[in-house]
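Visitor: I have a structure I would like to understand better, so I am pasting it below and will then ask my questions one at a time.
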Amino acid sequence: MAEIVAFSKEGRVGVITVNNPPVNALSQAVRAGIKAGIEKGIADADVSAMVIICEGRTFIAGADIREFGKPPMEPHLPDVCQFIEDSPKPVIAAIHGTALGGGLEIPLSCHFRIALSTAKVGLPEVKLGLLPGAGGTQRLPRVAGARSALEMITSGVPVAAARAKDMGILDEMVEGDLKAAALVFAQKVVDQKLPIRRVSQLKATVDSPTLFEDFAKANARKFRGFMAPFKCIEAVKAATELPFPEGMKKEREIFIELHDSNQSKAQRHVFFAEREVVRIPGLPDDHPTREIKSVGVLGAGTMGGGIAMCFANAGIPVKLLDMKQEFLDRGLAVIKKNYANTVAKGSLKQEVMDKRLSLIQPTLAYEDLKDADLVIEAVFEDMAVKKEVFTKLDAVCKPGAILASNTSYLNVDEIAAITRRPQDVMGMHFFSPANVMRLLENVRGAKTLPEVYATAMKVGKKIGKVPVLVGVCDGFVGNRMLAKRTRECGFMLEEGALPWQIDRVIYDFGFPMGPYQMGDMAGLDIGWRNRKAKFDSLTPREQKNNLLDKICEMGRYGQKTGSGFYKYDEKRNATPDPMIEELIINHSKEVGIARRTITDQEIIERAIYSMINEGAKILEERIAARPLDIDVVWLYGYGFPVYLGGPMFYADTVGLKKVYDAVLKYRDSVGAEYWTPSPLLEKLAKEGKGFYSK
Ligand code: 3H9
């Protein structure tokens, strides 16, 4: 087996090669190996310079995230970095792939840095709720200036080699054989006796006296709720004000504070959850899948058009079918407009847009779908319509084609049963706008073959989605849980809350917007239509809780009609409407409920804990295989705050006993038909466990 870190000599250059697949993360062995390599190089009189280089697909991708939360093991990364910088012999980092986090902090401690032109460098710790903890916040401002460092560190977005060179992070950009280029560079350093440049001894430049305040203010919305970006600003500021050793001390203190915070734990959980979610429990990673080379999409409306774009973006040709030419024309015009907007913003080249458009072929004939490997229908949400469509698809599609429905709550098994191939039928629930939203709920029916849903997971990833495998139930994972929040918020309006109070609490919790702002934006008529379709299955209290009916009957459908729960000006700025307040107060009288003060805490408990309880039921019923599947649905489909890790992770941080006790409290006050604790929640709470710590 290859050594994790090897030391070899090429002429007078000591080469330290890291080989720790898959991404050369800085495990204890790597840290120790690099330090030992530098020691060897210093001690060896025949060595005049050293190169740090990596095997495999990338340079070091950072600290080993799996080691976080465990007892730290020596040598610590900041010490290794300092040891490199203190070396009396020049050390050169030779970068390929992505040098991230600690993987950039090592090069910043080297005296010179070269990279392939295809390489990228970045400090993405902020995305894990951390800050660079091995000198990144102190050294980057010293090579790139405080403003660039702030941008890179608080966004976590890596920069390409060319930009990194402009910023002063890289000394040279090279092509071809990186090791050969590094050896040439090292020889040059030795021959020309280039002075060793220790970054810690440089001065961090600040281009404006109010840089830090201005930067925090300008990004306030983007950073809302997150601790780490503000802490990153504090650390970079320290680099401009304090001597290096004191700045390092400050960085260390903040790193530990963030590392131990629930936010960072949540964000690290999200990092692994989004990678784990595509793995299907019980199926090997290499389970056979079907090849998807062409796709059919039914319905050229907003949803179908968005879905077609997803496949075209991934280079997969799409036949887009609708019933009338005018529907196709309208749908294609919207697709064109969407692409044109991206071109206008400079994020897409015109020729790429043209190529993508050419991959979307409109058609009126089902016959044209006969060769498609996958067909996704996005027609009207009505079982009779879906059955008609699937009967037609069953008749024309080739054997082995996967037939998927984009339904958001209808029974996929019932749809599958109308065909002669239920094993090839499943749900693929995209979220609106489908070309933007990352979540894809892949719904496996009772008879869907593993090969079929494994294909949907793979193709989902290919088109840039975060696919989550779920089972059949009303609303699947996301909408089923959302329905509980909607119900409780509706009840709280009757009992004493107002839409703007609920919206404020949900926004402050960390969602992008509250439920009533969201309803107004999406169009209240959608929820109204759903309510009418489900009216008979509602409880008497839910049937009488008819504020939505009253508001929609006034023609107030939300932003698009200028009013809904809120009223809107011509710029779509919302203001609370006294008329709606009066309507709600009168409604409470009508249904005989004495209004009372609803605290913000009650809003959180009823809106969020009701979803957690439902999530636990979803786990029991195996609709979702793991709590992480539920968390990913909520993070990517509904804007659950990343720094809380998703509803199930959040529940663990609150403590399941507390959640369970609240469920019992509301069972007594609101009613057992709404608040029966899930047996799983009850069991875990009583055992003092969490969804993740069983
Ligand atoms: C840090 O550096 C802190 C320091 O400042 C201070 C310390 C004192 N550790 O993403 P992929 C695994 S914080 C452990 O699918 P790609 C990953 O889980 C760190 N494991 O591949 C997956 O495992 P599995 C700052 C890691 O090609 C496998 O590698 N660095 C790490 O799409 C493949 O990953 C970052 O935040 C890690 N650091 O993308 C960089 N990284 O196969 C995080 C990856 O079992 N990493 N794994 O599921 C990335 O952004 C991407 O992985 C990368 C490759 C772009 C490198």
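The values are calculated or read from the model by the stated rules, or taken from the named source; none is laboratory data. Note that the structure is a prediction, hence the values are computed from the model and not measured. Because the Cβ atoms are built from the backbone with ideal geometry, glycine has one as well, and the counts that use them run over all protein chains shown. Surface accessibility is based on the protein's heavy atoms, side chains included, excluding ligands, DNA and RNA. Shrake-Rupley method; radii C 1.70, N 1.55, O 1.52, S 1.80 Å.
Visitor: Multiplying the sequence separation of T599 and K188 by 0.36 nm and subtracting their Cα-Cα distance, what value in nm do you get?
Guide: Difference between extended and current length: 141.0 nm.
Visitor: Residues with beta-carbon under 12 Å from that of I254, excluding I254: net charge, scoring Lys, Arg +1 and Asp, Glu -1?
Guide: -1
Visitor: Order 660-670, 516-526 from most to least packed using the mean count of other Cβ atoms within 10 Å.
Guide: In descending order of packing, they fall as 516-526, 660-670.
Visitor: Next question. Defining a contact as two alpha carbons under 8 Å apart and six or more residues distant in sequence, what relative contact order in percent does segment 5-260 show?
Guide: In percent, rounded to a whole number, it is 18.
Visitor: Under a 5 Å amide H to amide H cut-off, with H placed in plane at 1.01 Å, what residues pair with K120 once short-range neighbours are removed?
Guide: Amide H to amide H, under 5 Å and 5 or more residues apart or across chains, K120 pairs with G97, T98, A99.
Visitor: Please give the FRET efficiency for K447 paired with L357, using the beta carbon to beta carbon distance and R0 = 30 Å, rounded to the nearest 0.05.
Guide: 0.20
Visitor: Moving on. By its C-alpha gyration tensor, with a ≥ b ≥ c as the square roots of the eigenvalues, how is segment 23-168 shaped: rounded for a/c under 1.5, else prolate for a/b larger than b/c, else oblate?
Guide: It is oblate, given that a/c is not under 1.5 and a/b is not larger than b/c.
Visitor: Would you tally the net charge around K458, using a Cβ to Cβ cut-off of less than 15 Å, leaving K458 out, and scoring K and R as +1, D and E as -1?
Guide: Its environment carries a net charge of +3.
Visitor: Of the trypsin sites (Lys or Arg not before Pro) in segment 308-340, which ones lie in a loop per DSSP and count no more than 10 other C-beta atoms within 10 Å?
Guide: K324
Visitor: Using a 1.4 Å probe on the protein heavy atoms, what percent of the accessible area of the chain belongs to carbon and sulfur?
Guide: Summing carbon and sulfur atoms, their accessible area is 54 percent of the total for the chain.
Visitor: Also, quick follow-up: Would you compute, for the Cα atoms of segment 459-514, the largest minus smallest coordinate along each principal axis and list the three values in descending order, in whole Å?
Guide: Computed over segment 459-514, the largest-to-smallest principal extents equal 47, 25, 12 Å.
Visitor: Can you give the FRET efficiency for E582 and K337, using 1/(1 + (r/R0)^6), R0 = 41 Å, r = Cβ-Cβ distance, to the nearest 0.05?
Guide: Using R0 = 41 Å, I get an efficiency of 0.55.
Visitor: Gain in length, E234 to A384, computed as 0.36 nm per residue apart minus the alpha-carbon separation, to one decimal in nm?
Guide: So the chain would gain 48.0 nm between E234 and A384.
Visitor: So for the chain, taking the charge dipole from beta-carbon charges (+1 Lys/Arg, -1 Asp/Glu), which of I360, C310, G225 sits furthest toward the positive end?
Guide: Toward the positive end, the furthest listed residue is I360.
Visitor: For a quick check of understanding: with a 1.4 angstrom probe and all protein chains in place, what accessible area in square angstrom does W528 have, to the nearest ten?
Guide: We get 40 Å² for W528.
Visitor: In degrees, nearest 10, range 0 to 90: what is the angle between the Cα axis of helix 146-155 and the longest Cα principal axis of the chain?
Guide: Result, in degrees: 40.
Visitor: Test of understanding: express the Cα radius of gyration of segment 5-260 as a ratio to 2.2 N^0.38 Å, with N the residue count.
Guide: 0.96
Visitor: Relative to the longest principal Cα axis of the chain, at what angle does helix 499-509 sit, 0 to 90 degrees, rounded to 10?
Guide: 30
Visitor: Would you mind computing, in nm to one decimal, how far apart the modelled labels at D285 and A162 are, each placed 7 Å from Cα along Cα→Cβ?
Guide: 3.4
Visitor: In the structure displayed, which of K89/K188; K319/K387; K544/K589; K337/K567; K336/K465; K345/K571 lie more than 23 Å apart, Cα to Cα?
Guide: Distance filter (> 23 Å) returns K337/K567.
Visitor: Next up: Setting aside same-chain residues fewer than 8 positions from K127, which aspartates and glutamates have a Cα under 14 Å from its Cα?
Guide: Those aspartates and glutamates meeting the cut-off are E151, E274.
Visitor: Give the dimensionless ratio obtained when the Cα radius of gyration of the chain is divided by 2.2 N^0.38 Å.
Guide: 1.08
Visitor: Using Cα-only point scatterers and the Debye equation, what is log10 of I(q)/I(0) for segment 295-470 at each q in 0.17, 0.20 Å⁻¹, rounded to two decimals?
Guide: Log10 I(q)/I(0), no solvent term: -1.00, -1.39.
Visitor: Over all Cα pairs of segment 497-590, how is the pair count split among 5 Å bins, expressed in % and running from 0 up to the last occupied bin?
Guide: Bin by bin from 0 Å, the calculated values are 3, 14, 22, 25, 22, 12, 3, 1.
Visitor: Quick one: 3J(HN,Hα) in Hz for segment 60-77, Karplus 6.51/-1.76/1.60 with θ = phi - 60°, rounded, Gly and Pro as x.
Guide: Listing the rounded values in order: 4, 8, x, 4, 7, 5, 5, 7, 5, x, 9, x, x, 10, 6, x, 6, 4 Hz.
Visitor: Using label points projected 7 Å from each Cα along Cα→Cβ, tell me how many nm separate K544 and D214, to one decimal.
Guide: The answer from the label model is 6.0 nm.
Visitor: Let me ask something additional. For the Cα atoms of the chain, what angle does the longest principal axis make with the long axis of helix 450-462, in degrees from 0 to 90, nearest 10?
Guide: 60
Visitor: Taking the Cβ of R198 as the center, what net charge do the other residues with Cβ under 11 Å away carry, scoring Lys and Arg +1 and Asp and Glu -1?
Guide: Value of the local net charge: +1.
Visitor: Still on this model: Arranged from highest to lowest average of other beta-carbon atoms within 10 Å per residue, in what order do the peptides 350-358, 228-236 appear?
Guide: 228-236, 350-358
Visitor: Test of understanding: extend the Cα→C-beta vector of D86 to 7 Å, then name every residue of segment 95-121 with backbone N under 16 Å from that spot.
Guide: Of the residues in segment 95-121, 109-111 have backbone N under 16 Å from the label point off D86.
Visitor: Summing -39500 (n - 2.57) over the DSSP H runs of n ≥ 4 in the chain and dividing by its residue number, what mean residue ellipticity at 222 nm do you reach, to the nearest 500 deg cm²/dmol?
Guide: -14500 deg cm²/dmol
Visitor: Same structure again: Pull out the extension gain between Q201 and K70, defined as 0.36 nm times the separation in residues minus the alpha carbon to alpha carbon distance; nm, one decimal.
Guide: Net length gain for the segment: 43.9 nm.
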